[in-house]
1. Quick check on region A:118-139. Is at least one of its residues modelled with pLDDT of 95 or more, in a helix (DSSP H, G or I) and among the acidic types (D, E)?
2. Looking only at region A:178-191, filter to residues that are in contact (Cβ under 8 Å) with a residue 12 or more places away in the chain and not in a helix (DSSP H, G or I); which one of those is farthest from the other protein chains (Cβ to nearest Cβ)?
3. In region A:61-84, how many residues are in contact (Cβ under 8 Å) with a residue 12 or more places away in the chain and surrounded by 13 or more Cβ atoms within 10 Å (Cβ to Cβ)?
4. Within 25 Å of the chain's Cα centre (by Cα), of a type in the set (D, E), more than 14 Å from chain B (Cβ to nearest Cβ) and surrounded by 12 or more Cβ atoms within 10 Å (Cβ to Cβ): which single residue out of A:E173, A:E159 fits that description?
5. Looking only at region B:167-184, how many residues end up being assigned to a loop (DSSP other than H, G, I, E, B) and surrounded by 13 or more Cβ atoms within 10 Å (Cβ to Cβ)?
6. Restricting attention to region B:81-126, and to residues there that are of a type in the set (V, I, T) and touching a Pro at 6+ places or on another chain (Cβ under 9 Å), which single residue is surrounded by the fewest Cβ atoms within 10 Å (Cβ to Cβ)?
7. Is there any pair with a first residue in region A:216-244 that is under 13 Å from A:V302 (Cα atoms) and in contact (Cβ under 8 Å) with a residue 40 or more places away in the chain and a second that is polar (S, T, N, Q) and part of a loop (DSSP other than H, G, I, E, B) whose Cβ atoms are under 7 Å apart and which are 6 or more apart or on different chains, and what are they?
8. Does A:P58 qualify as being within 20 Å of A:L296 (Cα to Cα) and either among the hydroxyl-bearing types (S, T, Y) or surrounded by 13 or more Cβ atoms within 10 Å (Cβ to Cβ) (or both)?
Amino acid sequence: MNTSARPDDFLPTATWDRLRLRAELLARTRAFFAARDFLEVETPLLSADTVIDRHLDPLAVTLPHDASAPGVGRTMWLQTSPEFGMKRLLAAGGQALYQITRAFRAGEIGALHNPEFTIVEWYRCGDTMVEGMQLLSDLSEALLLLGPADRISYAAAFEQHAGIDPHRASPDELAAVAKRRGISLSENLAGTDRDGWLNLLLAHLVEPHLGVARPMILYDYPASQAALAQVHDNPVVARRFELYVRGVELANGYQELIDPAVLRARNRAANADRTADGKPLLPTESRLLAAMDRGLPPSSGVALGFDRLVMLAAGAKSLAEVIAFPIERA
Amino acid sequence: MGSYNTSDFKKGLKVQIDGDPYMMVECNFVKPGKGNALYKCKLRNLVRNTMLDRTFKGGDSLEAADVTEIAAQFLYRQQDMFVFMDQENYEQYELTKDQVDETWKYLKEGMVCSMVLFNNKPISVSPPNHVILKIDYCEPSIKGNTATNLTKPVKLETGAEVICPAFVGIGDMIKVDTRNGEYLERAKG
């Protein structure tokens, strides 16, 4: 990257109109949650713990023991979402909590990605996926003014747009769909695994159709993509849901996993995948697990990409149009 | 030449795929549903001028293409060979009619064109955006009629056919936009 600043690089990439819209949407988000008795909280951006996900790479920060040796010290992680901190607050008695904060994800740069971005995240105890989806739809309606969100299961969306059962199809059958639909892939993608094929088909065939007429919530994900969601037994699907607006993925929610033994097993599996991908291991024990050992109340929670929300509300095409100083000018 | 990793991917990058040079015209980073990073790209084949949609995995790399653009003067045409000269080092390049493509219509001896080289071999040539050429043939102009809504086809000295206002005549010099083949204005010879 060219780090020698050009003379105009001090200027924001977003117009003042967009920055005013951003401020207005922040205020409306706070009003939405205040009206529902949610408590606004703040949790650390810099933590000893981090979410372990195969494809999420946190930024490591070294806290030096000695200021004269800044590179030597304790490793902490900039949070990829405030999930751990907020669930610890739930375990400590929180009922309905929300937070508006920054999150960091290494390597994610593009028209719809900035490595530092703003997340709105909330949890409410007692909610299942059904109430979780309703609350998400209500927030989307209040902020985007595009009406309530429609709902479609992951299976139905794949059936409709890719003509295949995503829960039963083999990797070869998924690969055949990609080939038949003329999706041209690099050699390294040809040998992708089952979830890799599902993601490819989702990105190429399904996502462009989601949320076109009205916002759309995609729910009941494959169990292999449960992340921190509960897995339901029959049919075996993850109680995970995502909001799409005009083909853009805007929010990700779960009926939250509360069993610490299951999370430990998923952490080990995710770290094994990371090792296979040539990525560093992430710490498997965390204060979240300690909280879950003590007892995490059942809840549903959602993380929403606020920059993307502003982008959609503004009718813009890239995050740079709604962030004052994106990474290239940060 | 080295190679580019997906994190270097951006518009305008010149890369090689299956031995052909391509220019990246679009690159979208996507990461659906916490899945693996994908780069959905559109690339233009610089030889055949066709478009290729291809998706790459984070960490994939593409070989860089040795593609350069030079100013080359058109010297002469010999049957189906068009001979150009590099303005800087006077090296001569011969292009076939296929390589010259639609550009032949505007080529006049001495004209300085923009030539694209791949591994130091010419793959395409484009004329200047605006050229001034003489009208070789057209129907006679209608005296006294300067309305611009009346048009007629004219044939230029280089072979191009252009739609012009009715008031131009044989021997007139006109300015043409070579990107869309449209008449711009009458020029002083």
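1. Taking region A:118-139 and keeping what is modelled with pLDDT of 95 or more, we get A:118-139.
Remaining after also requiring in a helix (DSSP H, G or I): A:129-139.
Filter once more, keeping what is among the acidic types (D, E): A:131, A:138.
Yes: one or more hits.
2. Of region A:178-191, the ones in contact (Cβ under 8 Å) with a residue 12 or more places away in the chain are A:178, A:181, A:183, A:185, A:190.
Checking which are not in a helix (DSSP H, G or I) leaves us with A:181, A:183, A:185.
Working: A:R181: 11, A:I183: 7, A:L185: 5 Å.
Within region A:178-191, the match that is farthest from the other protein chains (Cβ to nearest Cβ) is A:R181.
3. Total meeting the criteria: 11.
4. A:E159
5. Residues meeting the conditions: 7.
6. Pass one, region B:81-126, residues of a type in the set (V, I, T): B:83, B:96, B:100, B:103, B:112, B:116, B:123, B:125.
Now drop any that are not touching a Pro at 6+ places or on another chain (Cβ under 9 Å), which leaves B:103, B:112, B:116, B:123.
Numbers: B:T103: 21, B:V112: 14, B:V116: 21, B:I123: 19.
In this case the residue turns out to be B:V112.
7. A:R239/A:Q230
8. So A:P58 does not fit the description; no.
The values are calculated or read from the model by the stated rules, or taken from the named source; none is laboratory data. None of these values were measured; they are calculated from a predicted model. Note that each Cβ is placed from the backbone with ideal geometry, even for glycine, and that neighbours are counted across all protein chains shown.
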